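Okay, structure first, notes after.
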Amino acid sequence: MRVAILLSFSLIVAVGVLTGCNSHEAFIPLAPSTPVQSPQPKNPADEARRITAEELHKLWEKKDVLIIDTRGEPDYKAGHIPGAISVPANTVATKVEELPRTKMIVAYCT
């Protein structure tokens, strides 16, 4: 049961982070029209836990973190955080089962 909950939470966090990373790419301006009042959908990335660079560094020193670079392969090869692995944003959902459950997983895209 814990594994299922952890897996679900990890997937939600990963999707939220990726949504936030790619949100500017998916923006399509709408033609002006009559404003319609509708509730804004909740973005899972808004509730994702954020950590500082200092916190990340401490976790990295203790080897308690897996850092995922969600940019494309060319950007990853051009430079990345030491120890980070490349998991492009469009492949994260297919790699969830391969991620360790004993470490904090930190994803970044810039």
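Restricted to segment 77-110, and to residues there that are surrounded by 15 or more Cβ atoms within 10 Å (Cβ to Cβ) and part of a helix (DSSP H, G or I), the residue that is modelled with the highest pLDDT is ALA89. Taking the conditions (1) assigned to a helix (DSSP H, G or I); (2) modelled with pLDDT under 90 in turn, PRO74 satisfies each one other than (2). Among the residues of segment 58-71, those that are open to solvent by less than 80 Å² (accessible area, probe 1.4 Å) and either touching a residue at least 60 places away in the same chain (Cβ under 8 Å) or outside any helix (DSSP H, G or I) (or both) comprise ASP64, VAL65, LEU66, ILE67, ILE68, ASP69, THR70, ARG71.
The values are calculated or read from the model by the stated rules, or taken from the named source; none is laboratory data. Bear in mind the structure is a predicted one, so any value in this text is a computation, not a measurement. Glycine also receives a Cβ, built like all others from the backbone with ideal geometry; neighbour counts cover every protein chain displayed. Keep in mind that these areas ignore ligands, DNA and RNA; they rest on the heavy atoms of the full protein, side chains included. Shrake-Rupley method; radii C 1.70, N 1.55, O 1.52, S 1.80 Å.
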